[in-house]
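Submitted below is the structure of interest, expressed as structure tokens.
The values are calculated or read from the model by the stated rules, or taken from the named source; none is laboratory data. This structure is a prediction, so every number in the text was calculated from the model and none was measured. Reconstructed Cβ throughout: ideal geometry from the backbone, glycine too, with neighbour counts over all protein chains shown.
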Amino acid sequence: MNTFSIKKITKTGLIVAVLAYMPLKAAAWGMIGHRVVGEVASYYLSSKASKGVQKILGTESLAMASNWPDFIKSDSTFNYMGSWHYVNLPGGLDQQGVYQFLNSAQAPNVYTQISKMVALLKDKQSTAEQQKFALRVLIHLVGDVHQPMHTARKEDLGGNKVYVTWFGSRSNLHKVWDESLIEYQQLSYTEYAAVINHPTKAQVKIWKATPLHDYVYESYLICNKIYANVKPDEKLGYRYNFDYASTINEQLLKGGVRLAKIINEIYAVKN
């Protein structure tokens, strides 16, 4: 329980975090993208899992809980969570190289913390406060790991130092993938989820069977293509959206389906 500083999650800290429930600089997917993942996941929850989620979150939906780990960045109590949102991978790794990197990483990252949140949710000794924390964080981190630029390079801060223009406005590669591509679709999170939530049965079966380390590897492969297909200070716009909208939609959809699968498995073995 104390292996990832859960003792730091005090009642006072959570109250402060709730009061600070306002967005700062968006992290992976921005608010809309994270809510899309949560909304999609809600369609695939088992009856038992839905009841379990409601017991923890009350009237708060998966979609509305999804941005909590970003909002609490305004509270220094939670500074220790900064590295949880991503895993920086060097370029040029093959599949086994990615696995080895993940298994040898020392600092907490999105890969290690997803597993720890699952363990906490399965722990019958965890408190209601800890359960709420773990579920909110799990929802968010499963979204994070499907954002390709959250498996990007340490030297450019995950693409934050790869400067581009987006429809004439100064931006960077990370922000384009966090927010700009999604916001360009001009959809609410419920509309967006409804538009993309049409996977085939074969896709759902494959996505559910994919192990956690391959969530990272899939994002890493996309990340490599993103780096390869952009130049510093490049002007991005209509063509970039045309080239990558389907990719970002599939990643959001995968995230939702897989989040539901993880939550369903938690409650399949939980009394």
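Taking only region 206-255 into account, find how many residues are among the charged types (D, E, K, R) and over 18 Å from Lys175 (Cα atoms).
If we filter region 206-255 for residues that are among the charged types (D, E, K, R), which is where we start, we get 208, 214, 218, 225, 231, 233-235, 239, 243, 250, 254.
Checking the rest, the ones that are also over 18 Å from Lys175 (Cα atoms) come to 208, 214, 218, 250, 254.
Number satisfying all stated conditions: 5.
Right, next: Looking at the structure I just gave you, is Thr190 among the hydroxyl-bearing types (Ser, Thr, Tyr) and either touching a Pro at 6+ places or on another chain (Cβ under 8 Å) or under 20 Å from Lys254 (Cβ atoms) (or both)?
In short, yes.
Okay, residues lined up against (1) under 26 Å from Ile226 (Cβ atoms); (2) in contact (Cβ under 8 Å) with a residue 24 or more places away in the chain; (3) out of contact with any Leu (no Cβ under 9 Å at 6 or more places or on another chain):
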position: Lys73; (1), (2), (3): yes, yes, no
position: Ser83; (1), (2), (3): yes, yes, yes
position: Leu89; (1), (2), (3): yes, yes, no
position: Ile114; (1), (2), (3): yes, yes, no
position: Leu121; (1), (2), (3): no, yes, no
position: Ala134; (1), (2), (3): no, no, no
position: Val145; (1), (2), (3): yes, yes, no
position: Val162; (1), (2), (3): yes, yes, no
position: Trp177; (1), (2), (3): yes, yes, yes
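When you scan region 60-75, do you find a residue that is farther than 18 Å from Leu141 by Cβ, polar (S, T, N, Q) and modelled with pLDDT under 95, even just one?
Within region 60-75, one or more residues are farther than 18 Å from Leu141 by Cβ, polar (S, T, N, Q) and modelled with pLDDT under 95.
Taking helices (runs of 4 or more DSSP H) that do not extend beyond region 70-158, which have at least 3 residues that are buried (at least 18 other Cβ atoms within 10 Å of the Cβ) and within 15 Å of the chain's Cα centre (by Cα)?
110-122, 128-145
Considering each of Gly97, Gly82, Gly91, Gly52 in turn, give the residue that is in contact with a Phe, Trp or Tyr (Cβ under 8 Å, 6 or more places away or on another chain) and either over 29 Å from Ala268 (Cβ atoms) or charged (D, E, K, R) (or both). Walk me through it before giving the result.
Details: Gly97 fails: in contact with a Phe, Trp or Tyr (Cβ under 8 Å, 6 or more places away or on another chain); Gly82 fails: in contact with a Phe, Trp or Tyr (Cβ under 8 Å, 6 or more places away or on another chain); Gly52 fails: either over 29 Å from Ala268 (Cβ atoms) or charged (D, E, K, R) (or both).
Only one candidate passes the filter, namely Gly91.
Out of region 147-158, which residues are in contact (Cβ under 8 Å) with a residue 60 or more places away in the chain and hydrophobic (A, V, I, L, M, F, W, C)?
Hits for region 147-158 are Met149, Ala152.
Can you find even one residue in region 201-212 that is under 15 Å from Asn109 (Cα atoms) and under 14 Å from the mean Cα position of the chain (by Cα)?
Checked against the condition, which is being under 15 Å from Asn109 (Cα atoms) and under 14 Å from the mean Cα position of the chain (by Cα), region 201-212 yields at least one hit.
Identify all residues within region 198-244 that are under 28 Å from Gly92 (Cβ atoms), touching a residue at least 12 places away in the same chain (Cβ under 8 Å) and of a type in the set (A, V, I, L, M); write none if there are none.
Answer for region 198-244, where residues must be under 28 Å from Gly92 (Cβ atoms), touching a residue at least 12 places away in the same chain (Cβ under 8 Å) and of a type in the set (A, V, I, L, M): Leu212, Val216, Ile222, Ile226, Val230, Leu236.
Here are the criteria: (1) at pLDDT 95 or above; (2) out of contact with any Phe, Trp or Tyr (no Cβ under 6 Å at 6 or more places or on another chain). Tell me which single one Leu236 does not satisfy.
(2)
Could you please find all residues in region 213-243 being assigned to a helix (DSSP H, G or I) and more than 28 Å from Ala105 (Cβ to Cβ)?
Tyr238, Arg239, Tyr240, Asn241, Phe242, Asp243
Can you name every residue in region 164-203 that is among the aliphatic types (A, V, I, L, M), out of contact with any helix residue (DSSP H, G or I) (no Cβ under 8 Å at 6 or more places or on another chain) and buried (at least 17 other Cβ atoms within 10 Å of the Cβ)?
Within region 164-203, no residue meets the criteria.
Quick check on region 159-201: of everything there that is part of a loop (DSSP other than H, G, I, E, B) and among the hydroxyl-bearing types (Ser, Thr, Tyr), which residue is farthest from Ile32 (Cα to Cα)?
Thr200
What is the number of the single condition among (1) of a type in the set (S, T, N, Q); (2) within 26 Å of Tyr189 (Cα to Cα); (3) under 18 Å from the mean Cα position of the chain (by Cα) that Thr59 does not meet?
(3)
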